[in-house]
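For reference, the structure is listed below as structure tokens.
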Amino acid sequence: MVAFAYTIAGSEATGGAGFQVDLKTFHELGTYGMGALTCIVSFDPKNNWGHRFVPVDPQVIKDQIESATEAQDLDTVKIGMLGHPDTIKAVSESLRKQSWRNIVLDPVLICKGQEPGHALDTDNALREQILPLATVATPNYFEACTLAGMESLNTIEDLEEAARRISALGPRYVIVKGGIDFPGDDAVDVLWDGKKATAYRTPKIGQERVSGAGCTLAAAITAELAKGTDIHEAVRIAKEVVTKGINARVSAHTPFDTVWQGAYSA
Ligand code: PXL
């Protein structure tokens, strides 16, 4: 029987991040994608592609989750952009209504191109109400620094330390994504599994950011966990999906190229 992969995430209208990326990735990995929308992001072409952000009414988020969880026996969910304390409260309450085998949290604090650090109440709500429920967290460089309380990550040991600190806040598994900001020639992700750290490396592809890499990685991990793949293999496959997707990236009139999920099986 087909495995169900569920996402609770925001829409990014150009298809380069969020809900759209999650569904494409779920499909690419052979899972049946479902989801609840938390917010609607429309980049503004007349204002340097700045973020126009509209939260979905919290009750409507709860209704969507009720509908999906009654329709199917879901046990694996990915949490993407929440973006507002009221959204976080609604999602946290809905998640607590059943048990989950896997809750994969991509702790989206800000999006590419946004100014960091203006929404402390959202960051704190995420840390207090969602992170403790997560079984897997996939912070990027900036999110790992923020959640772990570290100023910078310069070595593999720093990535491990950040992952261990974030694991102490709830999630059993933490994958810290070094990405472009981590020094050196490789894109390094470190998985802390509660006992040991494993580094996954691939050569960096250029020095420019690509939209959707983080969403794709977390969604691919979610799809693999939904199918019953173990966490180490799930991370390995997810990294391969992202690497192939960046190699085959799609250019847009937005500031960033975007990952092509379809490259994985092509
Ligand atoms: O890449 C993070 C992200 C996630 N979800 C939505 C987004 C973004 C960044 O733009 O818009 C909806």
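The values are calculated or read from the model by the stated rules, or taken from the named source; none is laboratory data. Every value quoted in this text rests on a predicted model; they were computed, and no experiment measured them. Cβ: placed from backbone, ideal geometry, glycine included. Neighbour counts: every protein chain shown.
So is Ala71 within 16 Å of the ligand (Cβ to nearest atom), of a type in the set (A, V, I, L, M, F, W, C) and at pLDDT 95 or above or not?
Details: within 16 Å of the ligand (Cβ to nearest atom): no; of a type in the set (A, V, I, L, M, F, W, C): yes; at pLDDT 95 or above: yes.
No, not satisfied.
Suppose we filter the stretch 134-159 for residues that are part of a helix (DSSP H, G or I) and touching a Gly at 6+ places or on another chain (Cβ under 7 Å); how many remain?
Quick first cut of the stretch 134-159, residues part of a helix (DSSP H, G or I) only: 141-148, 156-159.
From what's left, touching a Gly at 6+ places or on another chain (Cβ under 7 Å): 141, 159.
The number of residues fulfilling the criteria is 2.
Whether any residue in the stretch 106-115 is more than 16 Å from the ligand (Cβ to nearest atom) and out of contact with any Pro (no Cβ under 6 Å at 6 or more places or on another chain) is what I want to check. Steps first, answer last, please.
Just the residues of the stretch 106-115 that are more than 16 Å from the ligand (Cβ to nearest atom), to begin with: none.
The answer is no, given that none of the residues of the stretch 106-115 is more than 16 Å from the ligand (Cβ to nearest atom) and out of contact with any Pro (no Cβ under 6 Å at 6 or more places or on another chain).
Which residues, taken from the stretch 34-50, are over 14 Å from Thr87 (Cβ atoms) and either within 18 Å of the chain's Cα centre (by Cα) or surrounded by 19 or more Cβ atoms within 10 Å (Cβ to Cβ) (or both)? Talk me through it step by step, then tell me what you get.
Let us first name the residues in the stretch 34-50 that are over 14 Å from Thr87 (Cβ atoms), namely 34-35, 42-50.
Across the stretch 34-50, the qualifying residues are Met34, Gly35, Phe43.
Could you please give the count of residues in the stretch 38-48 that are farther than 18 Å from Gly15 by Cβ and either more than 15 Å from the ligand (Cβ to nearest atom) or in contact with an Asp or Glu (Cβ under 6 Å, 6 or more places away or on another chain) (or both)? Spell out the reasoning first.
Initially, the stretch 38-48 is screened for residues farther than 18 Å from Gly15 by Cβ, giving 46-48.
Filter once more, so that each one left must be either more than 15 Å from the ligand (Cβ to nearest atom) or in contact with an Asp or Glu (Cβ under 6 Å, 6 or more places away or on another chain) (or both): 46.
Of the residues in the stretch 38-48, 1 are farther than 18 Å from Gly15 by Cβ and either more than 15 Å from the ligand (Cβ to nearest atom) or in contact with an Asp or Glu (Cβ under 6 Å, 6 or more places away or on another chain) (or both).
So which residues in the stretch 178-196 are in a loop (DSSP other than H, G, I, E, B) and in contact (Cβ under 8 Å) with a residue 40 or more places away in the chain? Step through it out loud before you land on a result.
Applying the first criterion (in a loop (DSSP other than H, G, I, E, B)) to the stretch 178-196 yields 178, 182-185, 193-196.
The answer is Phe182, and nothing else.
Got at least one residue in the stretch 140-148 being of a type outside the set (Phe, Trp, Tyr) and surrounded by fewer than 15 Cβ atoms within 10 Å (Cβ to Cβ)? Let's see the steps before the verdict.
First, the residues of the stretch 140-148 that are of a type outside the set (Phe, Trp, Tyr): 140, 143-148.
Narrowing the set further to residues that are surrounded by fewer than 15 Cβ atoms within 10 Å (Cβ to Cβ) leaves none.
So far as the stretch 140-148 goes, no, none of its residues is of a type outside the set (Phe, Trp, Tyr) and surrounded by fewer than 15 Cβ atoms within 10 Å (Cβ to Cβ).
Can you name the residue in the stretch 14-37 that is part of a strand (DSSP E or B) and of a type in the set (Gly, Ala, Ser) and is also farthest from the ligand (Cβ to nearest atom) among such residues?
We begin by selecting, within the stretch 14-37, every residue part of a strand (DSSP E or B); these are 32-37.
Adding the requirement that they be of a type in the set (Gly, Ala, Ser) leaves 33, 35-36.
On the way: Gly33: 15, Gly35: 12, Ala36: 13 Å.
Of everything passing the filter in the stretch 14-37, Gly33 is farthest from the ligand (Cβ to nearest atom).
Of everything in the stretch 238-257, what is within 22 Å of Val2 (Cβ to Cβ) and either touching a Lys or Arg at 6+ places or on another chain (Cβ under 7 Å) or surrounded by 16 or more Cβ atoms within 10 Å (Cβ to Cβ) (or both)? Give them in sequence order.
Step one: list which residues in the stretch 238-257 are within 22 Å of Val2 (Cβ to Cβ), which gives 238, 240-241.
Ala238, Val241, listed by residue number.
With the structure loaded, tell me whether Val241 is out of contact with any His (no Cβ under 6 Å at 6 or more places or on another chain), within 26 Å of Gln129 (Cβ to Cβ) and aliphatic (A, V, I, L, M) or whether it fails that test. Explain how you work it out, then say what you get.
Details: out of contact with any His (no Cβ under 6 Å at 6 or more places or on another chain): yes; within 26 Å of Gln129 (Cβ to Cβ): no; aliphatic (A, V, I, L, M): yes.
For Val241, the condition - out of contact with any His (no Cβ under 6 Å at 6 or more places or on another chain), within 26 Å of Gln129 (Cβ to Cβ) and aliphatic (A, V, I, L, M) - is not met.
Kindly list, by first and then second residue, each pair from a residue in the stretch 151-177 that is free of Cβ contacts under 8 Å to residues at least 12 places away in the same chain to a residue that is hydrophobic (A, V, I, L, M, F, W, C) and assigned to a helix (DSSP H, G or I), limited to pairs with Cβ atoms under 7 Å and residues at least 6 apart or on different chains.
Within 7 Å, the pairs are Glu151/Cys145; Ser152/Cys145.
Give the number of residues within the stretch 49-59 that are without any contact (Cβ under 8 Å) to a residue 12 or more places away in the chain, outside any strand (DSSP E or B) and either within 16 Å of the ligand (Cβ to nearest atom) or under 25 Å from Ala252 (Cα atoms) (or both).
Count: 0.
Can you name the condition, by its number, that Cys215 falls short on among (1) surrounded by fewer than 23 Cβ atoms within 10 Å (Cβ to Cβ); (2) modelled with pLDDT of 95 or more; (3) part of a helix (DSSP H, G or I)?
Unmet for Cys215, out of (1) surrounded by fewer than 23 Cβ atoms within 10 Å (Cβ to Cβ); (2) modelled with pLDDT of 95 or more; (3) part of a helix (DSSP H, G or I): (1).
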